[in-house]
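The block underneath contains the structure these notes are about, expressed in structure tokens.
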Amino acid sequence: MILDCKKLNGEAKKLSDYLKSKIISQDESIDEVCSGIQKYFVGLSDTNKPLFNFLFAGPTGSGKTKIVQEIAKYFDLEPVVIDCGEIQQQHELSKLLGAPPGYIGHGETKPLLSKERIEIQGKPNVILFDEVEKATGGLYNVLLGILDNGYVTTNSNVKVSFLNCLVFMTCNIGAKEIESEENKIGFSKKSLTWEEKQAYTTKEIKKKFLPEFINRLDKMIVFKQLTREDVEHIFELELNQIQERLNNCEYKKIFLFVSPEAKRKIVDVGYSIQYGARNLKRVMEKEIIQPIANALSLDEVEEGDSIQLEVNPAGEFFFEKKIYSRTKSKACWISVLEIV
């Protein structure tokens, strides 16, 4: 009998299904991640290095950081996030490892990669080095030790183990080059296929990182650029989360609806080819959550009220309080109050 060794099963399949319900249009990347983590679930991880390590590449706003956050949430913990943009100078490595002996602060502050933060019991810890390409070259020496040996030694001579960790790194390498290639003026202008974008990104990553670093990666995964339709799906997920927050609001519970016109405008404002869905959440915070908070605090809505977000002819957002009217012939929403 030929074995089918390509499918996910058990906990890895549950994790994959969970991530696909939260992350839009990255199913292939999710399956690659869960395929790697499946070794942990069945007890076949290498005992001399982290459980698994991944490098996520691709355009901004495509879900690279989001997937790490959701994996951590699946394991019911907060990820340890290292913003590599804050480690662009050699001396800033002290944020990770603590101040060296003889320097101000030695032994007084906890390093970000402390034993207490990294070594947890009962489940794998999730470590994220965000935008790793921005960091000083000294960080790569730290990462080489983590990825190869599974530990790092702080400047207080404390050995910190990463053997029970899932290590993730994100980068935007190749995104600008691909955009430049597709926007060339003249007859050379073209739209690259997904396979060409993957190859282009991999090529740029190999230019940026040394071979010894790349060779220590378990998987390098390139995320797809989101389309406007993808961002519409993300809008629905975010809207469901907002409604859940309203349902759990102890002050007053109200019901939120968004007209098709308002949805289209929010998606238009929140999405761009260059930045993906990065701005969508900020737009929804400004145009939905903050006005509702104001209406609640001003007592313009009552417990159990229904409100709908609309767009006026001038393109401005506004809320209406509505009631649901049923007659023999039809059922419809009737506006009873415009909320300013």
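The values are calculated or read from the model by the stated rules, or taken from the named source; none is laboratory data. Since the structure is predicted, the reported quantities are computational estimates derived from the model, not experimental observations. When we count neighbours, we look across all protein chains shown, and the Cβ atoms used for this are built from the backbone with ideal geometry, even at glycine. The protein model used for the area step is the full one, side chains on, heavy atoms only, and it has no ligands, DNA or RNA in it. Shrake-Rupley method; radii C 1.70, N 1.55, O 1.52, S 1.80 Å.
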- Task: For the range 1-131, give the magnitude of the charge dipole about the Cα centre (Cβ charges: +1 Lys/Arg, -1 Asp/Glu; no others), in debye to the nearest 20.
- Result: 320
- Can you tell me the relative contact order of the chain? Whole percent, Cα pairs under 8 Å, sequence separation 6 or more. 17
- Message: What is the percent carbon and sulfur in the accessible area of the chain, measuring with a 1.4 Å probe over the protein chains and ignoring ligands?
- Response: 51
- Solvent-accessible area per residue for the range 132-249 (1.4 angstrom probe, square angstrom): 53
- Task: Can you spot the aspartates and glutamates whose alpha carbon is less than 15 Å from residue 253's alpha carbon? Ignore those fewer than 8 places along the same chain.
- Result: 244, 299, 300, 302, 303, 305
